[in-house]
């Protein structure tokens, strides 16, 4: 059995989840993933639309958290924050990475069982 089934309509959504998780290392991949999610959302069946909506929301929340974390580290390196305050940036980035992995793994399992996401607008999972 291969990883991607040629007749499976959820292959694209599966790839987006993989891009998001790999995006922890290669920051460009989530950007590609959100473009794919936006372009495939319109013609997807309803159960799959919920996953695309979840993926789009995940991208924007991730972007917000990454911006906050990197801005905090930038302010620390510029000398505008103390080390103890600047460490919050590292904590934000670490929390974002764990949150993203857990969120994508749980949603990926739902996708694999062809179940719609129960609440695509949630901040958690």
(Q) I need a count of the residues in the stretch 30-39 that are within 15 Å of residue 100 (Cα to Cα) and either at pLDDT below 95 or crowded, with 17+ Cβ neighbours inside 10 Å (or both). (A) 3
Q. Are any of the residues in the stretch 101-123 more than 21 Å from residue 36 (Cβ to Cβ) and either part of a helix (DSSP H, G or I) or touching a strand residue (DSSP E or B) at 6+ places or on another chain (Cβ under 7 Å) (or both)?
A. yes
Q: Look at residue 52 and say whether it is modelled with pLDDT under 95 and either in a helix (DSSP H, G or I) or more than 30 Å from residue 8 (Cβ to Cβ) (or both).
A: no
Q) Does residue 42 meet the test of being touching a helix residue (DSSP H, G or I) at 6+ places or on another chain (Cβ under 9 Å) and surrounded by fewer than 11 Cβ atoms within 10 Å (Cβ to Cβ)? A) yes
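In this structure, does residue 74 turn out to be surrounded by 15 or more Cβ atoms within 10 Å (Cβ to Cβ) and either more than 13 Å from the chain's Cα centre (by Cα) or touching a residue at least 12 places away in the same chain (Cβ under 8 Å) (or both)?
In short, no.
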Q. Could you count how many residues in the stretch 45-55 are free of Cβ contacts under 8 Å to residues at least 40 places away in the same chain and surrounded by fewer than 17 Cβ atoms within 10 Å (Cβ to Cβ)?
A. 1
Q | Residue within the stretch 82-92 that is modelled with pLDDT of 95 or more, more than 13 Å from residue 16 (Cβ to Cβ), in contact with a helix residue (DSSP H, G or I) (Cβ under 9 Å, 6 or more places away or on another chain) and crowded, with 18+ Cβ neighbours inside 10 Å present | A | yes
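The values are calculated or read from the model by the stated rules, or taken from the named source; none is laboratory data. Here the structure is a predicted model, which means the values were calculated and not measured. Note that we place each Cβ from the backbone using ideal geometry, even for glycine, and neighbour counts take in every protein chain shown.
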